[in-house]
Every structure is written in C-alpha cells, then in structure tokens.
1. Are any residues in the stretch 35-49 more than 15 Å from the chain's Cα centre (by Cα) and more than 8 Å from the ligand (Cβ to nearest atom), and if so, which ones?
2. Would you mention how many residues in the stretch 91-119 are under 18 Å from G46 (Cβ atoms) and either among the hydroxyl-bearing types (S, T, Y) or modelled with pLDDT of 95 or more (or both)?
3. Which one of K180, K186 is open to solvent by 60 Å² or more (accessible area, probe 1.4 Å) and either at pLDDT 95 or above or not in a helix (DSSP H, G or I) (or both)?
4. Please enumerate the residues belonging to the stretch 4-34 that are among the acidic types (D, E) and either on the phi > 0 side of the Ramachandran plot or more than 20 Å from the chain's Cα centre (by Cα) (or both).
5. How about the stretch 14-38: which of its residues are polar (S, T, N, Q) and open to solvent by 100 Å² or more (accessible area, probe 1.4 Å)?
6. Mind checking which residues of the stretch 151-167 are touching a residue at least 60 places away in the same chain (Cβ under 8 Å), within 19 Å of I80 (Cα to Cα) and away from the ligand (no atom under 11 Å from the Cβ)?
7. Can you pull out the residues in the stretch 107-128 that are of a type outside the set (S, T, N, Q), part of a helix (DSSP H, G or I) and out of contact with any strand residue (DSSP E or B) (no Cβ under 6 Å at 6 or more places or on another chain)?
8. Residue under question is E6, and the condition is that it be assigned to a helix (DSSP H, G or I) and surrounded by 16 or more Cβ atoms within 10 Å (Cβ to Cβ); does it hold?
Amino acid sequence: MYEKMEELQQAIQNCNQCKLCKNRKNIVFGVGNEKAQIMFIGEGPGADEDTQGIPFVGKAGQLMNKALDALGIEREKVYIANIVKCRPPNNRDPEPDEVSSCINYLRNQVMIIKPKIIVLLGRISLQNILEPEYKITASRGKWVEKKGIFYMPTWHPAALLRDETKKIDFIHDLKQVLKKEQELNK
Ligand code: URA
C-alpha cells in the first residue's frame with residue numbers, strides 16, 4: 001500500500017498483472033481531488049477513456065458530467081475511478097481474475113482519499129465493492145454504511161443512455177448524496 005497517490009500511480013504505470021494490459025492504450029488511473037469527500041466508482045474504461053487515460057469522458061461520462069453540473073457537483077471536487085483501470089475488450093464486463101488483480105489499487109486509492117461517501121455506478125461496481133449477490137435494481141437509491149463509509153448504489157450512466165427514465169432515479173440518488181454530505185459536515 002502506498003501513502004501517496006502519486007507513488008501509487010507511478011508504481012502501476014507499467015502494470016501487467018492481468019490480460020487487459022495487452023490491448024490498453026492507457027491506464028485509466030482516476031481523477032479528481034485526493035481529499036474528496038465523495039468518490040464515484042464506475043466499472044472500467046471504454047474506448048474514449050482508454051484513448052485519453054481519463055475516466056468518464058465518453059458519451060456516458062458526458063451525460064454524467066451534465067448531471068453533476070446540474071446539481072452543482074464539480075468534477076474537480078470529487079474523485080472518479082473504476083473497478084478496473086484498463087479497458088476490457090468490446091466493453092465486456094471485467095472478468096473475476098481481472099478484478100482481483102486490479103481492485104487493490106482502488107482500495108489503496110480509497111485508503112488515501114478517505115471519502116465519506118462512495119457512489120457505486122452500476123452493477124459491476126456494486127457487486128465488487130459491496131456484495132456479489134446484490135442486484136442494482138433492488139439496491140439503487142438505498143444507503144449502505146460499512147466501516148464508516150456511506151455507499152450509494154445507483155445506475156451506471158451508460159444505462160441512462162439506454163433508458164431515459166432512469167435519469168430521474170440518477171438525479172434523485174445524487175441529491176441524496178448531497179444531502180448526506182451536508183449532514184455529515186454539520
Ligand atoms: N464506464 C465506466 O464504467 N467507466 C468509465 O470510465 C467510462 C465508462
């Protein structure tokens with residue numbers, strides 16, 4: 001475990017712990033405020049993220065940014081990362097061996113940031129961070145507190161692209177996040 005984000009990033013820049021290293025253009029390490037109170041965790045980089053090395057910059061990311069903007073959540077104030085740091089081919093789900101090779105990097109990031117709130121974006125994030133048997137449909141919008149961190153599972157932004165009606169839930173869940181942040185800072 002590294003104490004500084006920079007050291008962690010440096011240490012994994014040539015990571016070859018799993019097969020996703022073979023086709024990646026860039027490791028998508030994570031971006032944002034290293035002292036963020038709110039952290040967002042997605043699934044894994046898509047094509048645009050792989051090209052730019054930055055999480056959530058493609059279509060789904062742009063939609064997420066719009067929602068963040070609308071709620072006055074600045075991307076620079078939060079921290080955004082993924083379960084796996086390299087792009088799974090054709091945007092397939094990350095496989096268990098890939099997740100287990102990568103997730104300690106994310107744990108290290110959480111350890112450094114010490115967020116009060118973690119927003120779990122979609123099923124893959126929910127199941128790998130909380131419980132493998134949790135369903136996103138049943139879990140979304142409901143707080144889970146674990147070891148002093150409040151987790152808010154919600155839809156993955158890509159799901160909003162497929163089904164517009166989910167945007168309402170997404171905004172609702174993010175409003176809960178803002179409310180909780182205020183409560184925790186009282
Ligand atoms: N989807 C994700 O889960 N993460 C990204 O960074 C981009 C799209």
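The values are calculated or read from the model by the stated rules, or taken from the named source; none is laboratory data. Note that this is a predicted model, so its numbers are computed, not measured. Cβ sites come from the backbone with ideal geometry, for glycine too, and all protein chains shown count toward neighbours. With ligands, DNA and RNA removed, areas are computed over all heavy atoms of the protein, side chains included. Shrake-Rupley method; radii C 1.70, N 1.55, O 1.52, S 1.80 Å.
1. Result: K35, A47.
2. 8
3. Matching residue, one of K180, K186: K186.
4. E7
5. N14, N16, Q17, N23
6. Within the stretch 151-167, L160 is the sole residue that qualifies.
7. Within the stretch 107-128, R107, V110, M111, I112, R123, I124 meet the criteria.
8. no
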